[in-house]
Amino acid sequence: MEKEEIINGLILELRRGAVTLGVLSRLSEPHYGYSLVQILEESGFPIEPGTLYPLLRRLEKQGLLVSSWDTNENRPRKYYRLSELGRSVYNRLCDEWRSLSERVSVLINK
């Protein structure tokens, strides 16, 4: 296995949890998929639609998100937002992220 292939695989593993946290961070207000792509991109956290939509479906299936359709526009849009469970899980994940980040920083800065 080539070095770059190894690095890319490990970066993908690191990014996977961060993507979930990044998406949850934007859903205290309702957003539809493409608006999330734009918001995350503007925040310096790009995500491909092919990654986002399956993640939204999985998070909704887990009960972390609730969705509703807006059919008032020409094109119906499915809006997602955090459920009460989702808000609680998000807060816990943020605490864990901060703690883990501090511990890893200590390790890699020695």
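Numbers at a glance
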item	result
Pairs, first surrounded by fewer than 12 Cβ atoms within 10 Å (Cβ to Cβ) in region 28-48, second basic (Lys, Arg), C-beta under 7 Å, six or more apart	Glu29/Arg81
Long-range neighbours under 6 Å by Cβ, at least six apart or interchain, first residue at pLDDT 95 or above within region 62-86, second crowded, with 16+ Cβ neighbours inside 10 Å and assigned to a helix (DSSP H, G or I)	Leu64/Gly86; Leu64/Val89; Leu65/Leu59; Leu65/Gly86; Ser67/Glu60; Tyr80/Leu56
Residue, surrounded by the fewest Cβ atoms within 10 Å (Cβ to Cβ), within region 49-71, restricted to residues that are within 13 Å of the chain's Cα centre (by Cα) and under 17 Å from Ser83 (Cα atoms)	Arg58
Restricting region 4-22 to residues that are loosely packed, with under 11 Cβ neighbours inside 10 Å and among the charged types (D, E, K, R), the residue that is modelled with the lowest pLDDT	Glu13
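The values are calculated or read from the model by the stated rules, or taken from the named source; none is laboratory data. For clarity, every value in this text was computed on a predicted model and none was experimentally measured. Cβ: placed from backbone, ideal geometry, glycine included. Neighbour counts: every protein chain shown.
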